Amino acid sequence: MKAVFDKFYDTYHQDLFQYIFYMVKDRETTEDLVQEVYIKVLKSYDNFKGESSEKTWLFSIARHVTYDYFRSLKRKRDRIYEFFNWNDKGCLIPDLSKLPEEVAEENDQIKQVYTYLNHCTLDQRNVIILRYLQSFSIQETAEILNFTVSKVKTTQHRALKALKKAMVEGNKKGGDASEN
């Protein structure tokens with residue numbers, strides 16, 4: 001098993017870390033989720049049938065782990081929301097965590113796209129990250145997300161449209177993506 005782990009770690013760790021980091025935007029959470037992905041990979045490696053590439057299979061597991069994390073966050077938020085009597089402003093608690101500039105490339109356009117990813121749906125973010133930041137093909141992206149090729153193309157088109165709209169509006173407002 002150590003050889004399997006070493007192979008996955010050496011070959012895919014950086015891409016896997018970046019994919020999850022772009023989704024959750026927190027280094028500690030990313031480290032925890034990456035560890036969970038590796039545990040699931042090692043537990044299920046014997047069941048890997050080779051119907052897709054190892055990288056596609058790994059990223060599919062990463063997507064499921066990340067979705068599970070978001071679902072658990074939503075359940076926690078819902079429980080907290082029910083417990084407290086929030087007023088209209090209570091739902092707008094700002095996220096004070098820093099943007100991952102150490103991971104984002106020096107290219108200003110990439111940084112701007114990263115900042116505006118919050119204006120996309122979760123599916124749109126996944127497609128943009130996999131296609132443009134991780135350089136997966138449309139077919140590989142479809143396999144990872146369990147989408148049809150057509151759905152990847154449609155989601156990609158809508159994501160790019162949403163990003164463009166958010167960037168234009170952000171530039172009109174002085175470039176602050178957090179105002180929307």
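The values are calculated or read from the model by the stated rules, or taken from the named source; none is laboratory data. Note that the structure is a prediction, hence the values are computed from the model and not measured. Neighbour counts run over all protein chains shown; Cβ positions are idealised from the backbone, glycine included. These area figures cover heavy atoms from the full protein model, side chains too; ligands, DNA and RNA do not enter into them. Shrake-Rupley method; radii C 1.70, N 1.55, O 1.52, S 1.80 Å.
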Exactly one condition in (1) at pLDDT below 85; (2) farther than 20 Å from Ser53 by Cβ; (3) open to solvent by 70 Å² or more (accessible area, probe 1.4 Å) is false for Lys111; which is it? (3)
Condition met for Ile129 (in contact with a helix residue (DSSP H, G or I) (Cβ under 6 Å, 6 or more places away or on another chain), modelled with pLDDT of 90 or more, among the aliphatic types (A, V, I, L, M) and open to solvent by less than 50 Å² (accessible area, probe 1.4 Å)): no
If I ask for residues that are of a type outside the set (A, V, I, L, M) and over 15 Å from Ala3 (Cα atoms), which ones from region 26-43 would you list? Asp26, Arg27, Glu28, Thr29, Thr30, Glu31, Asp32, Gln35, Glu36, Lys40
Please name all residue pairs, on different chains or six or more residues apart, with Cβ atoms under 7 Å, provided the first residue is in region 33-60 and is over 17 Å from Gln139 (Cβ atoms) and part of a helix (DSSP H, G or I) and the second residue is open to solvent by 70 Å² or more (accessible area, probe 1.4 Å) and aliphatic (A, V, I, L, M). Leu42/Met1
Subset of region 13-23 that is at pLDDT 90 or above and either of a type outside the set (D, E, K, R) or not in a helix (DSSP H, G or I) (or both) - its residue that is most open to solvent (accessible area, probe 1.4 Å): Gln14
Can you find even one residue in region 43-60 that is of a type in the set (D, E, K, R), under 20 Å from the mean Cα position of the chain (by Cα), modelled with pLDDT of 55 or more and under 23 Å from Asn126 (Cβ atoms)? yes
Is it true that some residue in region 167-175 is closer than 28 Å to His64 by Cα, at pLDDT below 95 and out of contact with any Pro (no Cβ under 8 Å at 6 or more places or on another chain)? no
